[in-house]
Amino acid sequence: MNYKQILPQISSLLLDVDGVLTDGNVYFEGNGEARRKLFTKDSFAIQFAIRQGLRVGVVTGGSGAGLIEPFRQLGMTDIYTNASDKLDALNDFTAIYDIDPQTIAYMGDDLPDYGIMQRVGLSACPADASPYIRERVNYVSPKCGGEGAVRDIIEQWLREKDLFDHPDKWTW
């Protein structure tokens, strides 16, 4: 099935962090804390989509004190860190909101994401995802992780819901 046919049923978007929201690089400070860089256009798209009714969360194997706060600042409330089995996070998410996994889109980039991708309605990945993942998802963004892949899938959802072409909603 074409991914555009699936988009209208999507009410939630879950995202991997490293390689999707970031370029996959992790930088370590002298104290051992990890730093990641977010693409501001992805960040704006996430905030805008949340304001338009899309539930957006992250599911990552990563952890650390600095990982959660940037996502909270974007308006996310569903932040799953240290998720060694991402299906556990999906099961928790669907139970909390009492929703069908088929109404969820998930964007990941590597093998730990595959289990969750098999269970959701729409699976997507950045252009630079692992070949195994690229061959098995509903949609491969032309953008790389940390360089607009998240913005790409969100804009497509917004357009499908006729929520994008309304400049009066672009500021707040």
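Once you charge only the Cβ atoms, +1 for Lys and Arg and -1 for Asp and Glu, what is the size of the charge dipole of the stretch 2-121 about its Cα centre, to the nearest 20 debye? Please report the intermediate quantities before stating the final value.
Working: 10 positive and 16 negative charges, 97 e Å.
With Lys and Arg at +1 and Asp and Glu at -1, about 460 debye.
Return the Rg/Rh value of the stretch 1-80, two decimal places, where both radii are evaluated on C-alpha atoms and Rh is the Kirkwood radius.
Numbers: Rg = 14.0 Å, Rh = 13.7 Å.
With Rh from the inverse mean 1/r over Cα pairs, Rg/Rh is 1.02.
If amide hydrogens are placed 1.01 Å from N in the peptide plane, which non-local residues have theirs closer than 5 Å to the one on Leu14?
Amide H to amide H, under 5 Å and 5 or more residues apart or across chains, Leu14 pairs with Gly57, Ala105, Tyr106, Met107.
For the stretch 30-167, what relative contact order do you get, as a whole percent, if you take Cα pairs closer than 8 Å and at least 6 residues apart? Show your work: numbers first, answer last.
Details: 194 pairs, mean separation 28.6, N = 138.
Relative CO of the stretch 30-167 lands at 21 percent.
Checking the a/c ratio against 1.5 first, then a/b against b/c, what shape does the Cα gyration tensor give for the stretch 65-110?
Numbers: a/c = 1.78, a/b = 1.43, b/c = 1.24.
It is prolate, given that a/c is not under 1.5 and a/b is the larger ratio.
Compute the distance in nm between two label points, each set 7 Å from the Cα along the Cα-to-Cβ direction, one at Ile68 and one at Leu111.
3.0 nm
I want to check the label-to-label distance for Asp92 and Gln118. Put each point 7 Å from Cα in the C-beta direction and report it in nm to one decimal.
So the label points at Asp92 and Gln118 sit 2.2 nm apart.
For n ≥ 4 DSSP H runs only, could you compute -39500 (n - 2.57) per run for the chain, divide by its residues and tell me the 222 nm figure to the nearest 500?
Details: 7 runs with 59 residues, N = 172.
Here the helix-only value at 222 nm equals -9500 deg cm²/dmol.
Could you check the simple spin-label distance between Lys37 and Tyr132, using points 7 Å along Cα→Cβ, in nm with one decimal?
Each label point is offset 7 Å from its Cα along the Cβ direction, giving 2.8 nm.
Search the structure for amide H atoms under 5 Å from the amide H of Ala127, placed 1.01 Å from N in the peptide plane, and list their residues when 5 or more places away or on another chain.
Placed amide hydrogens put Ser141, Lys143, Cys144, Gly145 under 5 Å from Ala127.
What does the convex hull of the Cα atoms come to per residue for the chain, in Å³?
Details: hull volume 18.7 nm³, N = 172.
Measuring per residue, one finds 109 Å³ for the Cα hull of the chain.
Each value in this text was obtained by applying a stated rule to the coordinates, not by laboratory testing. Bear in mind that the values here come from a model prediction, so they are computed numbers and not experimental data. Ideal geometry is used to build each Cβ from the backbone, glycine not excepted, and the neighbour counts take in all protein chains shown.
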